[in-house]
Amino acid sequence: MRLIMAGLARGLRCAPMFRDRTNVIATALLGAGLGYLGFRFVSWAMVNAIWTLPEGANSSLCRAAKGEGACWAVISERFRFILFGMYPFDEQWRPALACLLFVSLYVVSAIRAWWKPWLLAFWVAIPMAAILLMRGGLSGLTAVPTEFWGGLPLTFVLSTVGFAAAFPLAVALALGRRSQMPGIRVLSIAYIELIRGVPIITFLFMAAVMFPLFVPQSFTVDKLLRAQIAFVMVIAAYLAEVVRAGLQAIPKGQYEAAASMGLSFWPATVLIVLPQALRATIPALVNTFIAVFKDTSLVVVIGLFDLLGAAKAVIVDPKWVGFGIEVYLFVAAVYFGFCYSVSRYTQHLEKILMARNHHS
Amino acid sequence: MSVLCADDAAATRTLLRPRLSWSKPRTRAIFLQLMVVAVACAIMTMVAIQTAANLRQRGIASGFDFLSRATGFEISAGPLSYSSRDTYIRALELGLLNTLRVALLGILLATGLGLLIGITRLSNIWVISTMSRAYVEILRNTPLLLQLLFWYSLSQALPGPHAALHLFPGVFLCLRGLFLPSLVWHEGYLGLSGALLAFAILIPLVRTRSRQRRERKGRGLPTTLLLAGAAVVLLSAAIAIDRPGLTIERPVLIGFDFHGGMSISSEFATLLIGLSTYTAAFIGEIVRGGFLAVDKGQTEAAAVLGLSRRKALRLVVLPQALRVIIPPTTSQFLNLFKNSSLAVAIGYPDLISITSATLNQTGQAIEAITLAMIFYLAISLTISLIMNFYNTAIVSPERGGHNS
């Protein structure tokens, strides 16, 4: 018994929060405050919370508990709507499978041994497969028009397709900005700076309101596709700067070596410069992807129901008016789970890449 | 066959004019650029023609005439008085001022909070550094719009004006916002303006004297202390001269809302808190990175030279850390400025909200959005120019005078 106590005491002394006297005092003081807040939170979120409501009941039970306990019943009753929007209920296995496809794409991309050219093909094929699956209209799947798409799969589609389609454009813009041809350089700079200098919302408004004015009236493009195009154009400008940073990091010797091998501009760029530049920017690219993933939530402003939009739609329902805190906490947890794991992955990646650079 | 002939003819022509030979990279470059520029121009012209045709068909008159018409909508809060009889141009002006107001205050708050977060992240005290780390991770990994909506729902969970929380005498908090008593300074600006002028002259004077003294005796004057003292003396002198009638105006509940005093609307507060806490998380990481980037040897060298810890921080570590910190922080300021456009989601009347109201009412989508884009672009480019200048002039110059 004494041995256990001694071991415990030593373990505690080595724990970072009890390392020295300052730490012990700080832990005691702040710990008391945090403990109190934590206690209040747990009693709101768990102890006094209402998890489910009986079938067909209204939300008066939740309203009575307001301020004392959370009403998680809104989540348990509406989580299918938050996750999949207005997609036909019986067909919701399709968006679920689409989400799985997207997640598997991210997992495959995270494996460093698979950073090969065929991975790019994956980034084309998997979003296309997911979109076909959601759209239906072939091989016995009923067609579901994009007005009914919503929730998490919409967030995945907007961010992944946006990123994948913007990528080639971004590489072209980054090369254009570093080009020695003034005409091309000026155009690239103008495009990049124009888009980066203006809030993304402006382009979404443009896609929603102005785009129909730009094209012949017989030519209608649905709202989701318009928002997607706006995102592709915006992401391309931001990504171009990331790619440019990668290009700048390539030592001049590489260009000279390529030239002395007799390679002209395009072979040198495609075979020597870009592979190195893109490899070096992968952590930054992943960080941009996180930003894009969060920014797709802006489509709420033009009335699309992505994950956040669907959540917002839930609390418009008179039954659930006033339960925004619960719904937003749930959605925040979903976003956080995704973004945090991806950002942990980049941190890990940066460490590995840095270590490798120090070796060579 | 004919294709071949045409090719042959072209080849002969290029042979006759060797300056434009296709085999020369210069020629190809010119051709490529002409092609790209032509395609860009062609697309823009096509869009312009199509748009003009569409506008004619829908009977929308283009132009900026609508700006001088009355809007017919009310705007809840702002630094300018506004009624529904005022014009669109005034509404947009108000929106711009609202955007600038929230962005400037947000930048100040985000910088302060970001510094705090960055420094506490490096703290040796485990609880403190862990708290900052949790803060950064949570705020960075959820969308800003979600955070704004969350803060707004939180503010809407407060009681209504009739049951407002009476925090201090004259201070009320309700779902409409925070209502505070305001100090009203009646007349008498002579002494105050004189005091301000005197203070402005005093600052460089004290600084120069301090420097001179340091050069002579090796020790300067306590400038901060002297200036603070001067400020107190000057302010009391100003009050003595002006004898201003200082009155306190308290907010009073009349009908459904508070009147008088100062108010901070819950939309403004939500936006300000949301923007500055979100941006502070990013600035915190930048600050932390900046301090970590300064080699440990620098601190040790400063200690060897006999500099105190505070002096080492101020004279050795901080200037080097700032060199790393300032450029990315600038882009965070720009992000905050652009993100203030999310005000539209919580109903704060910023430039984008008013632009959107304008285009809904007038149908002048192109003009309204173009105006908003010009405003944002002008301010973004100005901020980045100033910061670039500051960066090259003050932060970047390394010893030896050349940048690599």
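Every read-out reported here was derived from the displayed coordinates using simple, explicitly stated rules and does not represent laboratory data. This structure is a prediction, so every number in the text was calculated from the model and none was measured. Neighbour counts are summed over all protein chains in view; Cβ atoms, including those assigned to glycine, are modelled from backbone coordinates with ideal geometry.
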Quick one: what do you get for chain B if you divide its Cα Rg by 2.2 N^0.38 Å? 1.38
Let me know the Rg and Dmax you get for the range A:78-359 when you use only its Cα atoms, in Å. 20.7, 72
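Taking beta carbons within 10 Å but only from partner chains, what does the mean come to for residues A:209-215?
On the way: counts 8, 7, 1, 4, 12, 7, 5.
Mean number of neighbouring Cβ atoms from other chains: 6.
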Below 12 angstrom from the Cβ of B:T362, what's the summed charge of the other residues (Lys, Arg +1; Asp, Glu -1)? -1
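I'd like to compare B:248-254, B:212-218: which one has the highest average count of other Cβ atoms within 10 Å, and what's the full order after that? Could you put the intermediate results ahead of the total?
On the way: B:248-254: 14.0, B:212-218: 9.9.
Result, highest mean first: B:248-254, B:212-218.
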Which of A:A280, A:A249, A:A313 moves the most in a Gaussian network model of chain A with Cα springs under 10 Å? A:A249
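Please work out the ratio of the alpha-carbon Rg of the protein assembly as shown to 2.2 N^0.38 Å and round it to two decimals.
Normalised Cα radius of gyration, the protein assembly as shown: 1.11.
Expressed as cubic angstrom per residue, what is the convex hull volume of the alpha carbon set of the range A:1-100? Provide the component values of the computation, followed by the final result.
Working: hull volume 22.8 nm³, N = 100.
In the range A:1-100, the Cα convex hull volume per residue is 228 Å³.
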Here the cysteines of chain A lacking a cysteine partner under 4.7 Å (Cβ to Cβ) are A:C14, A:C99, A:C339
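May I ask which of B:K217/B:K296; A:K223/A:K294; A:K294/A:K351; A:K312/B:K338; B:K217/B:K311 have a Cα-Cα span longer than 26 Å here? Could the numbers behind the result be given before it?
Working: B:K217/B:K296 32 Å; A:K223/A:K294 20 Å; A:K294/A:K351 24 Å; A:K312/B:K338 23 Å; B:K217/B:K311 18 Å.
Too far apart for the 26 Å limit: B:K217/B:K296.
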Where trypsin sites (Lys or Arg not before Pro) fall in DSSP loop in the range A:88-191, at most 15 other Cβ within 10 Å: A:R178
Rg to Rh, two decimals, where the range B:42-115 supplies the alpha carbon set and Rh follows Kirkwood: 1.21
Be a star and scan the range B:31-55 for residues whose amide nitrogen sits under 18 Å from the point 7 Å along the Cα-to-Cβ vector of A:A190. B:31-49
Choose one answer from A:A125, A:A164, A:A240: the residue with the largest mean-square fluctuation in a GNM of chain A with alpha-carbon springs under 10 Å. A:A125
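With Cβ to Cβ distances under 15 Å as the rule, what net charge do the other residues near A:R177 carry (K, R +1; D, E -1)? If you can, show how the numbers build up before the last one.
On the way: positive: A:R178, A:R185, A:R196, A:R244; negative: A:E193, A:E241.
That sum, taken over residues with Cβ under 15 Å, equals +2.
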Which one, B:G191, B:G220, B:G160, has the greatest fluctuation when you compute a Gaussian network model over chain B with C-alpha springs under 10 angstrom? B:G220
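Pairs of alpha-carbon atoms within less than 8 angstrom and 6+ residues apart define the contacts here; what relative contact order does the range B:312-396 have, in percent? Show your work: numbers first, answer last.
Details: 40 pairs, mean separation 31.7, N = 85.
Result for the range B:312-396 is 37 percent.
Could you work out the local net charge near A:P275, counting Lys and Arg as +1, Asp and Glu as -1, over the other residues with Cβ closer than 15 Å to its Cβ? Let's see the in-between values first.
On the way: positive: A:R112, A:K116, A:R279; negative: none.
Around A:P275, the charge tally is +3.
Using a 10 Å cut-off around each Cβ of peptide B:131-143, what is the average number of partner chain Cβ atoms that fall inside? Don't skip to the end; give the middle numbers.
Working: counts 2, 0, 0, 0, 0, 0, 5, 3, 1, 7, 14, 13, 17.
Per-residue shielding by partner chains comes out at 5.
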Low-density loop cleavage sites - chymotrypsin sites (Phe, Trp or Tyr not before Pro) in the range B:227-273, where at most 15 other Cβ are within 10 Å (DSSP): B:F256
Which is the longest part of chain A that has none of the GluC sites (Glu not before Pro) sitting in a DSSP loop with at most 15 other Cβ atoms within 10 Å? A:69-360
Residue mean of other protein chain beta carbons inside 10 Å, B:120-127: 5
Under 16 Å from the Cα of A:K66, which lysines turn up, not counting those fewer than eight places away in the same chain? A:K319
